[in-house]
Amino acid sequence: MKKIIYFLIVLFLIPFGCKEEKKIEIIPDYDKIYLPPNQLSEMPQLTEGNDKALLDTIFKAYYKIYPSPDSMKTSPTLEYKFMINEKGLIEKIFLGKNNDEKINQLVLNTVRDWKFKPAMKNGKIVKSQYPMMISFMGNLPPINEDTYFVAVEEMPEPIGGLKSIQEKIHYPEIAKRAGIEGKVYVLAFIDENGNVTNAKIIKGIGAGCDESALDAVKQTKFKPGRQKGKPLKVQVSIPIVFKLQ
């Protein structure tokens, strides 16, 4: 009888003694595996696929989902990072936390067959990131902010200087009556020809001044930014002054 009881106890304890230790997966540092643009000698180049067509498709889909200003997210931004391997294929995709799920699916279906010329670092083919930061501003087509340089040797300048922008400013009556003064900072995206492709407020003062500043910047022609004499797409912050006489 004692032998039977001992045998049963052993059978009961065996599963606990053989239980596997729970393993916790450690997420790798993808910036070390897939190098970001600032660590590359040459960025990956899209060879099969069309990012401009993707932006146009996203534009149409987004305004179908959000047909009116009331239903659309405020200054929506979609963020993607495509992880490119040494063969120029997308292995993984990072999705921004504020992305729209329907747009995500559209993007995933579109980029599935994209191919790239792989990135280079010090003459060697490496895994890399191909980022897209897509901004919607008003009812204008979205832009990929990551294609606009933040700093170049010659930054864009408004033709005629800041004075040419200030001359286009309409001081809203509601702001005047409320005694509102200050600076509105506009982030303008300037293409290789000096045109403002889009703009957004990065710091405003309200009462219609922000909209007035945006309109003035969008109507302005710029000298394009240049690097080693070559015109490039550049983003630049512009201060617009509102001061009562």
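Under a Cβ-Cβ cut-off of 13 Å, what is the net charge of the residues other than LYS127 that fall near it, where Lys and Arg count +1 and Asp and Glu count -1? That sum, taken over residues with Cβ under 13 Å, equals +2. For GLU181 and GLU211, what does the FRET efficiency come to when R0 = 22 Å and r is the distance between their Cβ atoms, rounded to the nearest 0.05? So, using R0 = 22 Å, E works out to roughly 0.85.
On alpha-carbon atoms, Rg over Rh for region 148-245 using Kirkwood Rh?
Values: Rg = 14.0 Å, Rh = 13.7 Å.
Radius of gyration over Kirkwood radius for region 148-245 works out to 1.02.
For region 148-245, the relative contact order works out to 43 percent when only alpha carbon pairs closer than 8 Å and six or more residues apart are counted. Compared with the alpha-carbon gap, the fully stretched path from ILE125 to LEU244 is longer by 37.0 nm at 0.36 nm per residue.
Pairwise Cα separations in region 81-181 fall into 5 Å bins from 0 onward with the following percentages, short to long: 2, 9, 12, 14, 14, 12, 9, 9, 8, 5, 3, 2, 0. Computed from label points 7 Å out along Cα-Cβ, the spacing between LYS163 and ILE26 is 6.2 nm.
So what's the convex hull volume per residue for the Cα atoms of region 28-146, in Å³?
Details: hull volume 12.1 nm³, N = 119.
Normalising the Cα hull of region 28-146 by residue number yields 102 Å³.
Non-local lysine pairs in region 148-245, meaning eight or more places apart or on different chains, with alpha-carbon distances under 13 Å, amount to 8.
What does the net charge come to around TRP114 if you take all other residues with beta carbon closer than 14 Å to its beta carbon, with K and R at +1 and D and E at -1?
Working: positive: LYS52, LYS81, LYS87, LYS92, ARG112, LYS115, LYS117; negative: GLU48, ASP51, GLU91, ASP113.
My count for the surroundings of TRP114 gives +3.
Any read-out appearing in this document is the output of simple, stated calculations on the displayed coordinates, not a laboratory observation. Bear in mind that the values here come from a model prediction, so they are computed numbers and not experimental data. Here Cβ is always computed from backbone atoms with ideal geometry, including for glycine, and neighbour counts include all displayed protein chains.
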